[in-house]
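None of the figures in this text is laboratory data; all of them are computed from the coordinates on show. All of these numbers come straight from a predicted model, not from anything done at the bench. Cβ: placed from backbone, ideal geometry, glycine included. Neighbour counts: every protein chain shown.
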Amino acid sequence: MSSDRILTGIGLRLLAVALLATMAALVKLAEARGAGLGETMFFRQLGALPIVLAWLTVTGDLKSVRTRRFSAHLGRAVAGLMGMTATFGAIHLLPLAEATSLQFAAPVFATLLGALWLREPTGVHRWGAVLTGFAGIVIIAQPGGHAVPLAGAAVGLAAAFMIAVISILLRQIGRTERAGATVFWFSALSLPPLAIAWLLDFRAHDAATWALLAGVGAVGGAGQIALTAALRHAPVSVVVPMDYSALIWATLLGWLLFEQLPGDTTWIGAPLLIGSGLYIAMREHRLHKADSAAKPPIP
């Protein structure tokens, strides 16, 4: 794979992280103006669907939405809705930096799920990274402390857990389905229940709030496309470490828009979480290369 393609993949991933961090800030701004959780989620998916369809058309992948694994996409949509509810809930309940930092626990949960659910071999190095990650979680969440609301920390960790579950589901679906089709079906299948939730809690807003909700969908959809497109140019092990740049954006946007800076414990706990996640990704990459090298060539 050429260095140009790898740099393109890294650039797209960094763009995706910046867009999704901006979406989170828009969600928080809309919530401050009276928007509910259900409607921010509805507009996130409503705005994303036409962007996804346009992207599939431009890339020639529109035919890939045909699937024989509808039940798998349905299960992914259910898990995705649960994860989105927790993610947006954490944004509502916590400062942006804390909500973002807790999502970095996803690789820790993914390692645990891989060992317990998929029976994947997990050596002492990964278990050490898991324990380091949990130390970071405890430092950020401060059980019994007051810096981070306990409810917000619990919802943020639930979001990280669901991100890990979804990553495993996507790995299984990805064996037969293209990424664009998976993005499309998640958007399409999640819209009906979200529309019901929105209508049951319909609220009138001023023009600025409607604009923020529209921005949530447009920016979130663009971020989702950039995430998927990055993997066309570079391996997962190369682009995933770029995700940790989200903390820079969350800190900057939290300071500029809400006059919030991360607490002292977040500055200590977040590096532990990031370090554990990077170590897990590095070990995954090395093991994958070793397994590939050990396989005999296909005649």
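Per-residue 3J(HN,Hα) values for the stretch 64-71, derived from phi via the Karplus relation 6.51 cos²θ - 1.76 cosθ + 1.60 with θ = phi - 60°, read 5, 6, 5, 9, 9, 10, 4, 4 Hz in sequence order (x marks Gly and Pro).
Near residue 177, no amide H atom lies under 5 Å from its own; only residues 5 or more places off or on other chains count, and H is placed 1.01 Å from N. Gain on full extension, evaluated as 0.36 nm per residue between residue 202 and residue 82 minus their Cα-Cα distance, stands at 41.1 nm.
Taking Cα extents along the principal axes in Å as calculated from this structure, the corresponding entry among [x] 65, 49, 36; [y] 52, 43, 39; [z] 84, 57, 34 is [x]. When each of 177, 39 is scored by the number of other beta-carbon atoms lying within 10 Å, the sequence from fewest to most is 177, 39.
Please tell me the relative contact order of the stretch 12-112 in percent, rounded to the nearest whole number, where contacts are Cα pairs under 8 Å and at least six residues apart. Walk me through the intermediate numbers first.
Working: 24 pairs, mean separation 42.1, N = 101.
After rounding, I find 42 percent.
When shorter helices are ignored and each DSSP H run of at least 4 residues is given -39500 (n - 2.57), the per-residue value for the chain at 222 nm works out to -27000 deg cm²/dmol. Where in the chain is the longest stretch that carries no chymotrypsin sites (Phe, Trp or Tyr not before Pro) classed as loop by DSSP and with at most 12 other Cβ atoms within 10 Å? Answer - 1-116. Here the Karplus relation 6.51 cos²θ - 1.76 cosθ + 1.60, evaluated at θ = phi - 60°, turns the backbone of the stretch 46-61 into coupling constants of 4, x, 6, 4, x, 5, 5, 4, 5, 5, 4, 5, 5, 8, x, 9 Hz, with x for every Gly and Pro.
What does the extension gain come out to for residue 5 and residue 232, with contour length at 0.36 nm per residue minus their alpha carbon separation? Before the final figure, lay out the partial values.
On the way: separation 227, 0.36 × 227 = 81.72 nm, distance 0.87 nm.
Difference between extended and current length: 80.9 nm.
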